[in-house]
Structures are given as structure tokens and as C-alpha cells.
Amino acid sequence: MPHYIPFLVLIIISVLIFVFVLWNTRDKKLIILLFFMIGLAYVLEYFILVLFKSYQYNPNFVHETDLDNILGSLVSQAFAFPVIAVLIGAYQLKFRYIVLISFIFMGIEELFISLGVYTQYWWKTIYTGIFMTIGFVIAKTWHAWLSDRFERWIHVLNLFFSLLAINTTIMLFLIAMFKTHSIHVGWVQSETRDVFSFNTLYVWLLTALYSWGF
């Protein structure tokens, strides 16, 4: 089986779940929550994947190993995790269901390892369960705040993480398709990860300045 098949299956399932939840609830705030959670996931992924290479995705989307790894991570960080986080927030699922869903994600991770499309280095599957649980609780809380609270800092963070998700994704595809943003700072040995390590921070800084000034 081609390596990209499990990743495409996750993308399709994630899109279908999000469309169903959005259609069923008619809650436009879920779109904001989705981008907010993608932004949060990108921040965590920057440290554990780009800087400290915790694991390796092998979807075989492209030939370059590190770029293929980052593109593979998008399936998790921009589709699977944030979409399920939106589902949890939309229906305000109880904590026992959050834990159950986190265990399901751990099972998917072990399945990907057995299929040879994902390799762990210093990362452990239990870490995935812990961070998933925390992320899902944040999503549940944040959706409630979007409905009941109107403090400026909530709107600023919504704007920041949503723009961070959009801008980082655009930067990724510009680098992948057109080899732009070729700024090397020597933070890591891999040329691709080195480009991402600096340019991601640069994009985030501009996003922060824009969000704060809005």
C-alpha cells in the first residue's frame, strides 16, 4: 500500500466530520475554533518536530525527507486533531469521552508505526495522549468562551492563532512548491528544517504585531 493512503484517509475523514458538525450545529464560531486550534497545534509542532525532531512522518508526498515529514505533519495538525477538537467543543463532550478519543488517537499513532508511515525518535505515544487531552480540554473551554465572553484578549488570541495557522500554511506551500524563503541561520543541520525554523518565527512575529495592532 502506498504510504500516502493512510494520510489521505485521515484527511477525508476529518473533512467529512467537520462538514457534518458545522452543518448539524450551524455554529459559525466553529470555523474560528478550527483555525485557533490549528494555530495552537502549529506552535507545539514547531518545537517538537522542527527544532527537536521528535518523530518522522513518511507519507511520500515529495522526495525530500524533511519536507515530506513536515507535509505529513499537516495531516495531523491541520486536519485530524483540530477537527476532532472542534467536535468536542461543539458538543461539549464530557471528560471521559475526551480521554477515550485521546486513546483512539494513540491507537492510530501505533497503527501508523506498524504501517511504516511514521517513526518515533524520542517521542512516545503516551505523550500524544497527554497533549491531545490537554488540547481537547482547551477546545471545549475556548468554544464556551467564544459563546459567553467578549474580552479583548480572547479576540486578539483568536486573531493571532487563526492568522498564524493561515500564514504558516501559506509559507509552507510557498517553500515546498517554489523554494522561497531560503534564509539559513544554522540552527539545525537539515537545510529544510533550518529554513522553517527561522521563517516560521519571522511569520509569527509579523502575525503577532498585526494582531496586537488590530
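The values are calculated or read from the model by the stated rules, or taken from the named source; none is laboratory data. Quick caveat, the model's predicted, so the values are computed rather than measured. Every residue, glycine among them, receives a Cβ derived from its backbone with ideal geometry; neighbour counts consider all protein chains shown. To get the accessible areas, we keep the full protein, side chains included, count just its heavy atoms, and leave off ligands, DNA and RNA. Shrake-Rupley method; radii C 1.70, N 1.55, O 1.52, S 1.80 Å.
Structure above, values below:
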| item | result |
| --- | --- |
| Contour minus Cα-Cα distance for PHE198 and THR169 (0.36 nm per residue) | 9.0 nm |
| Whole-percent carbon and sulfur share, accessible surface of the chain, 1.4 Å | 73 percent |
| Per principal axis, descending, Cα span of the chain in whole Å | 46, 44, 28 |
| Descending Cα extents along the principal axes, region 56-99, whole Å | 42, 16, 11 |
| Leading residue at positive end of dipole, the chain (Cβ point charges), from SER190, ILE138, ILE108 | ILE138 |
| Ranked by how many other beta carbons lie within 10 Å on average, peptides 118-128, 51-61 from highest | 51-61, 118-128 |
| Given charges at Cβ of Lys, Arg, Asp, Glu: region 1-80 dipole, positive-most of PHE52, ILE13, GLY72 | ILE13 |
| Dipole magnitude of region 72-192, debye to nearest 20 (Cβ charges: Lys/Arg +1, Asp/Glu -1, about Cα centre) | 240 debye |
| DSSP H segments from the chain that extend 15 Å or more along their own axis, Cα-based, with Kyte-Doolittle mean of -0.5 or above | 4-25, 29-45, 81-91, 95-115, 125-148, 152-178, 191-213 |
| Cβ charges +1 (Lys, Arg) and -1 (Asp, Glu), total dipole of the chain, debye | 640 debye |
